[in-house]
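S.K.: Can you read through this structure? Questions will come right after.
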Amino acid sequence: MKRLRKFGYQGVELAGEPDSIDIEKTKKLLLEYNLECSSICGIFTPERDLSSSNEAIRKNAVEYVKKSVDLAKALNAQTLIVVPTCVGKLSSETTLEEEWNNAILSVKEAGQYADEQGITIAIEALNRYETYLVNNLSLALRFVEEVNIECVGIMADLFHMSIEERDMKASLTKISDYLAHVHIADNTREAAGLGQTDFKPVISFLKDRNYQGYITMEFLPAVSNPYLASGLTGESNIFDDFTRQSIQHMKKIVGN
């Protein structure tokens, strides 16, 4: 939080670990560094698989999402990011149709609870190398329409989009009615401006649509497992460099 404040960020997205986050301590830190908790990023491991054919795993996953909703509410976060299946699951255990329907039912149950609590669920489409179920925005749109709960929308993650979407602006236009959250990283998953992604059309789209949600910088080192990468520690200068680089690049595009 100290690093984010130093470089002019307004909020922080926290990992969805309700059992390990000290809510009161976190509130004090948010106040100390004058930051908002923008969102909670769900951590979907195999035991939290909303699409699982194992009823016990699926039930555990739904309860995890509900606890993450409670965490978001306690920290005044607007949004909880949800992946319909566990990260790294590249094929179905039964059939795609069965697991798709399992995920729909799971998110319906969790979504009804989130709606009661006033929290938005943003469905994230991961790229094909991290999931097989919902890996582009067209599938995310189909998924959200089938869930059909007002508080369940879509998150646009530009790293995943750089792999899966042929035209970012066209894809965003297609899901614009459901756009609830945005993640920014370059095509290398590093800080914005270090790779080949052209962010100008995306920022133009968001401004034209009067997007009011957060734009979260989710840059990571170039390693294969995003969950392991997010827990890495090391020399502070690389983290400082990425944090400074990303926000300066985006501000230059926005023009302030």
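S.K.: Based on the alpha carbon coordinates of the stretch 1-97, what radius of gyration and maximum Cα-Cα distance (Dmax) apply, in Å?
M.R.: Considering the stretch 1-97 through its Cα atoms, Rg and Dmax are 15.7, 49 Å.
S.K.: In debye to the nearest 20, how big a dipole does the chain give about its Cα centre with +1 on each Lys and Arg Cβ and -1 on each Asp and Glu Cβ?
M.R.: So the dipole magnitude of the chain works out to roughly 960 debye.
S.K.: Find me the longest stretch of the chain that has none of the exposed trypsin sites (Lys or Arg not before Pro), where exposed means in a DSSP loop (not H, G, I, E or B) with at most 14 other Cβ atoms within 10 Å.
M.R.: The longest such stretch corresponds to 1-127.
S.K.: Using θ = phi - 60° and the Karplus form 6.51 cos²θ - 1.76 cosθ + 1.60, what ³J(HN,Hα) does each residue of the stretch 173-185 get, whole Hz, x for Gly and Pro?
M.R.: Each residue's phi maps through the Karplus curve to give 4, 4, 9, 4, 5, 10, 5, 10, 6, 9, 10, 10, 7 Hz.
S.K.: Here's another thing I want to ask about it. Kirkwood Rh, the chain, all Cα pairs: how many Å?
M.R.: For the chain, inverting the mean 1/r across all distinct Cα pairs yields 18.5 Å.
S.K.: If I model a spin label at Asn148 and Lys25 as a point 7 Å from the Cα along the Cα→Cβ vector, what separation in nanometres do I get?
M.R.: Output for this residue pair reads 4.5 nm.
S.K.: Roughly how many nanometres apart are two label points built 7 Å out from the Cα toward the Cβ at Asp177 and Glu47?
M.R.: Using points 7 Å along Cα→Cβ, the separation is 4.0 nm.
S.K.: What list of ³J(HN,Hα) values in whole Hz, one per residue of the stretch 126-131 in order, does the Karplus curve 6.51 cos²θ - 1.76 cosθ + 1.60 (θ = phi - 60°) give from phi, with Gly and Pro shown as x?
M.R.: For the stretch 126-131, the Karplus-derived couplings read 8, 6, 4, 8, 10, 7 Hz, x marking Gly and Pro.
S.K.: Something else: Tell me which residues come under 5 Å, amide H to amide H, from Ile175 once H is placed; ignore anything under 5 positions away on its chain.
M.R.: none
S.K.: Quick one: pull the percent of accessible area on the chain belonging to carbon and sulfur, 1.4 Å probe, ligands and nucleic acids left out.
M.R.: That fraction is 47 percent.
S.K.: If one computes P(r) from the Cα atoms of the stretch 81-127, what percent of pairs lie at distances over 16 Å?
M.R.: Details: 469 of 1081 pairs.
The proportion of pairs with Cα distances above 16 Å equals 43 percent.
S.K.: So what are the ³J(HN,Hα) numbers for the stretch 20-29, from phi and the Karplus equation (6.51, -1.76, 1.60; θ = phi - 60°), rounded to whole Hz, Gly and Pro as x?
M.R.: Calculated HN-Hα couplings, in order: 10, 7, 7, 5, 5, 5, 5, 4, 5, 5 Hz.
S.K.: Let me ask something else about it. Relative to the compact globular guide of 2.2 N^0.38 Å, what is the alpha carbon radius of gyration of the stretch 88-210, as a ratio?
M.R.: On the way: Rg = 14.9 Å, N = 123, 2.2 N^0.38 = 13.7 Å.
Cα Rg divided by the expected 2.2 N^0.38 Å: 1.09.
S.K.: Name the most mobile residue of Asn136, Asn60, Asn102, meaning the one with the largest mean-square fluctuation, in a Gaussian network model of the chain with Cα contacts below 10 Å.
M.R.: Result: Asn60 has the largest fluctuation of those listed.
S.K.: Over the stretch 56-135, one equal point on each Cα, no solvent: what is log10 I(q)/I(0) by the Debye formula at q = 0.12, 0.14, 0.22, 0.25 Å⁻¹?
M.R.: These q points yield log10 I(q)/I(0) values of -0.34, -0.46, -1.02, -1.20.
S.K.: Would you kindly state the longest site-free stretch of the chain, with sites defined as GluC sites (Glu not before Pro) in a DSSP loop (not H, G, I, E, B) surrounded by at most 15 other Cβ atoms within 10 Å?
M.R.: Of all site-free stretches, the longest is 1-92.
S.K.: Work from the charge dipole of the chain (Cβ charges, +1 for Lys and Arg, -1 for Asp and Glu, about the Cα centre) and give the residue of Gly11, Gly42, Ser162 farthest towards its positive end.
M.R.: Gly11
S.K.: Rounded to the nearest whole Å², what accessible area per residue is found for the stretch 53-117 with the 1.4 Å probe?
M.R.: For the stretch 53-117, the per-residue accessible area is 47 Å².
The values are calculated or read from the model by the stated rules, or taken from the named source; none is laboratory data. None of these values were measured; they are calculated from a predicted model. No Cβ is skipped: glycine too gets one built from the backbone with ideal geometry, and neighbour counts run over all protein chains shown. Side chains are part of the model used for accessible areas, which takes the heavy atoms of the whole protein and leaves out ligands, DNA and RNA. Shrake-Rupley method; radii C 1.70, N 1.55, O 1.52, S 1.80 Å.
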